[in-house]
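Remarks on the structure that follows.
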Amino acid sequence: MGKRVNPMGVKSALTYEVSEAAVALGVSKATIRNWVRDGLPIMATKKPYLISGAEIRAYLRSKSKAAKKPLNHDELTCFRCGAGRKPFAMSVECFPNTIKTSRLAGACEQCGGAASRIISNSRLDEFAATFHFKTGAGSEP
Ligand SMILES: [Zn+2]
């Protein structure tokens with residue numbers, strides 16, 4: 001159980017480095033990194049990572065909403081909609097998350113925003129039957 005974080009701690013018009021976001025929200029840098037691993041979108045792949053305040057707010061809101069409503073089997077959590085959504089074309093990418101879990105990431109069918117969910121590796125086969133897993137990186141157009 002994480003403590004509740006007030007999304008209003010960040011300003012939606014600003015961008016934050018991990019350490020700045022941690023200070024603004026009163027959480028540890030590790031917490032922010034966990035959120036990124038959990039699907040909070042970052043703005044660059046190079047360090048220092050920048051995170052938009054608007055995305056942090058959307059992420060925190062969706063987290064508190066998502067906690068109340070379990071996802072259907074064929075849904076990911078869309079951080080912009082703040083709800084369970086099917087991924088576009090039922091297509092997801094699968095990333096290693098922890099030793100026991102993986103993260104499925106796709107684009108929200110409704111808003112095109114980043115949607116993801118963490119699944120147990122023991123259920124990978126089950127989810128592979130539900131979603132179309134995109135095969136490895138490097139096959140981009
Ligand atoms: Zn959406």
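The values are calculated or read from the model by the stated rules, or taken from the named source; none is laboratory data. Since we're looking at a predicted model, the values are computed, not measured. Reconstructed Cβ throughout: ideal geometry from the backbone, glycine too, with neighbour counts over all protein chains shown. Note: areas computed on protein heavy atoms with side chains; ligands, DNA, RNA excluded. Shrake-Rupley method; radii C 1.70, N 1.55, O 1.52, S 1.80 Å.
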Normalising by the residue count of the stretch 11-68, find the relative contact order in percent from Cα pairs under 8 Å and 6+ residues apart.
42
Just order 100-111, 77-88, 116-127 by mean Cβ neighbour count inside 10 Å, highest at the front, would you?
77-88, 100-111, 116-127
Jot down the radius of gyration and Dmax of the chain, Cα atoms only, both in angstrom.
15.1, 42
Just need the relative contact order of the stretch 69-136 here, percent rounded to a whole number, with Cα pairs under 8 Å and 6+ apart.
33
Lysines within cross-link reach of LYS69: Cα-Cα under 21 Å, excluding same-chain residues under 8 positions apart?
LYS3, LYS86
Let me understand the stretch 69-136 better: what is its radius of gyration from the alpha carbons, and its Dmax, in angstrom?
10.9, 32
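Give, rounded to the nearest 20 debye, the magnitude of the charge dipole that the chain has about its Cα centre when Lys and Arg contribute +1 at Cβ and Asp and Glu contribute -1 at Cβ.
Details: 22 positive and 11 negative charges, 121 e Å.
Magnitude of the dipole: close to 580 debye.
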On full extension of the chain, what length is gained from ASN6 through LYS29, given 0.36 nm per residue of separation minus the C-alpha to C-alpha distance?
6.7 nm
Using alpha-carbon coordinates, inclination of helix 53-66 to the longest axis of the chain, degrees
60
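Using a 1.4 Å probe over the heavy atoms of the protein chains, calculate the carbon and sulfur portion of the accessible area of the chain as a whole percent. Working shown, then result.
On the way: 4770 of 8700 Å².
Within the chain, the accessible surface is 55 percent carbon and sulfur.
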For the stretch 11-68, what is Rg from Cα atoms divided by 2.2 N^0.38 Å, rounded to two decimals?
1.04
Provide the per residue accessible area, probe 1.4 Å, for the stretch 15-141, rounded to a whole number of square angstrom.
58
Relative contact order, percent, of the chain when contacts are C-alpha pairs under 8 Å separated by at least 6 residues?
18
Apply the Karplus curve 6.51 cos²θ - 1.76 cosθ + 1.60, θ = phi - 60°, to the phi angles in the stretch 117-125 and return the couplings in whole Hz, x for Gly and Pro.
7, 9, 10, 6, 4, 5, 10, 4, 4
